[in-house]
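> I have a structure I would like to understand better, so I am pasting it below and will then ask my questions one at a time.
Each reported figure results from applying straightforward, stated rules to the coordinates on display, with no laboratory input. Just so it is clear, the structure is predicted and the values come from calculations on it, not from any experiment. FYI the Cβ positions are ideal-geometry reconstructions off the backbone, even for glycines, and counts take in every protein chain you see.
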Amino acid sequence: MEPIISPSILSADFCHLGREIDMLNNSEADWIHIDVMDGVFVPNISFGFPVLKHVAKASTKPLDVHLMIVQPEKFIQEVRALGAFLMNVHYEVCPHLHRVIQQIREAGMQPAVTLNPATPVSLVKDILPDVYLVQLMGVNPGFGGQKFIERTVEKVRELRDLISETNSKALIEVDGGVNLHTGDRLIEAGADVLVAGNAVFSANDPQEAIRQLKNL
């Protein structure tokens with residue numbers, strides 16, 4: 001089964017964002033990954049909903065929205081208004097994670113949860129039957145272009161075993177440090193979805209880079 005490829009527009013050329021979205025629309029990318037940062041949970045700020053409304057309008061691909069923010073539940077309706085099919089929140093900021101997952105599903109989106117590099121996969125065991133996807137960060141969130149944390153590959157294997165143990169159908173997504181080399185190892189370990197930023201947008205031919213990731 002081919003991996004799902006979700007290019008992260010965090011690495012796109014923001015001066016020509018419409019052109020970048022058109023490129024993705026005409027590529028073999030499956031989803032478009034949107035990293036929303038608040039400067040609180042992570043040490044950076046990306047883009048807000050006024051910009052994302054234009055991204056959503058231009059995109060013909062499903063939107064994979066990853067909220068790296070505190071209190072993500074406050075923005076469920078805004079994410080839904082974008083037409084997003086998936087809303088992803090961090091385990092580390094949701095003391096009432098099950099409630100937030102329910103609210104996302106009730107809003108008509110697929111719920112997902114992300115784990116930071118230092119967060120053990122065992123902590124999501126109880127929520128696995130309720131989520132569409134679990135994302136593992138391959139870098140510490142907040143910036144693009146970071147070096148891949150090698151331990152992520154083993155965490156994918158651990159999560160795949162936990163998903164099987166709980167009879168969950170959750171997909172495994174990896175975000176951060178993904179390229180052809182790391183992507184191949186992540187797919188072998190059991191990942192279903194690859195988020196790629198620099199590996200796509202810094203390539204001489206971004207569409208070819210997506211095609212190569214798709215064929216891992």
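> What does the charge count around ALA84 come to, taking other residues whose C-beta lies under 14 Å from its C-beta (Lys +1, Arg +1, Asp -1, Glu -1)?
Numbers: positive: LYS53, LYS57, LYS61, ARG80, ARG105; negative: ASP35, ASP64, GLU78.
Neighbour charge sum, excluding ALA84 itself: +2.
> Determine the relative contact order of the range 59-113: mean sequence separation of Cα pairs under 8 Å and six or more apart, normalised by residue count, in whole percent. Intermediate values should be presented prior to the final figure.
Values: 72 pairs, mean separation 21.1, N = 55.
Contact order relative to length: 38 percent.
> Please name whichever of ILE69, SER168, VAL195 sits farthest to the positive end of the charge dipole of the chain, dipole taken about the Cα centre and charges placed at Cβ: Lys and Arg +1, Asp and Glu -1.
Checked the options; the winner is ILE69.
> I've got another one for you. To check you understand DSSP bridge types, tell me what percent of the beta bridges within the chain (both residues inside) are antiparallel, rounded to 5. Each step should come with its number before you reach the end.
Details: 1 of 33 bridges.
The antiparallel fraction comes to roughly 5 percent.
> Please give the contour-minus-distance gain from GLU188 to GLN146: 0.36 nm per residue of separation, less the Cα-Cα distance, rounded to one decimal in nm.
12.9 nm
> Around MET23, under 12 Å between beta carbons, what's the net of Lys plus Arg minus Asp minus Glu among the other residues?
Numbers: positive: ARG19, LYS61; negative: ASP13, GLU20, ASP22, GLU28, ASP205, GLU208.
It works out to a net charge of -4.
> I need the Debye-formula profile for the range 83-148: one equal scatterer per C-alpha, no solvent, reported as log10 I(q)/I(0) at q = 0.20 1/Å, two decimals.
-0.79
> What relative contact order, as a whole-number percentage, does the chain give when Cα pairs under 8 Å and 6 or more residues apart are counted?
Details: 432 pairs, mean separation 49.6, N = 216.
Averaging sequence separation for qualifying contacts and normalising by length gives 23 percent for the chain.
> Out of the GluC sites (Glu not before Pro) in the range 136-216, which ones are loop residues according to DSSP with at most 15 other C-beta atoms within 10 Å? Before the final figure, lay out the partial values.
Details: sites: GLU150, GLU154, GLU158, GLU165, GLU173, GLU188, GLU208; in loops: GLU150.
Answer in residue order: GLU150.
> Would you list, by chain and number, the aspartates and glutamates whose Cα falls below 16 Å from the Cα of LYS155, excluding same-chain residues fewer than 8 positions away?
Within the straight-line cut-off, LYS155 pairs with GLU165, GLU173, ASP175, ASP184, GLU188, ASP192.
> Still on this structure: With charges set only on the Cβ (+1 for Lys and Arg, -1 for Asp and Glu), what does the dipole of the range 1-132 come to about its Cα centre, in debye to the nearest 20?
Working: 9 positive and 15 negative charges, 67 e Å.
Taking the Cα centre of the range 1-132 as origin, the dipole is about 320 debye.
> Based solely on its DSSP helices, what 222 nm [θ] is calculated for the chain when runs of n ≥ 4 H residues each add -39,500 (n - 2.57) and the sum is averaged over all residues, nearest 500 deg cm²/dmol? Don't jump to the answer; show the numbers that get you there.
Numbers: 8 runs with 73 residues, N = 216.
Calculated from helices alone, the mean residue ellipticity at 222 nm is -9500 deg cm²/dmol.
> What number comes out for the charge environment of CYS94, summing +1 per Lys or Arg and -1 per Asp or Glu over other residues with Cβ under 15 Å away? Walk me through the intermediate numbers first.
On the way: positive: LYS74, ARG99, ARG105; negative: ASP38, GLU73, GLU92, ASP126, ASP130.
With Lys, Arg at +1 and Asp, Glu at -1, the neighbours total -2.
> Given springs between every Cα pair under 10 Å in a Gaussian network model of the chain, which of VAL100, VAL40, VAL55 has the largest fluctuation?
Largest GNM mean-square fluctuation: VAL40.
> Among the listed pairs LYS74/LYS214; LYS53/LYS125; LYS53/LYS74, give every one whose C-alpha distance is greater than 29 Å.
The answer is LYS74/LYS214; LYS53/LYS125.
> How many times 2.2 N^0.38 Å is the alpha carbon radius of gyration of the chain?
The reported ratio for this selection is 0.93.
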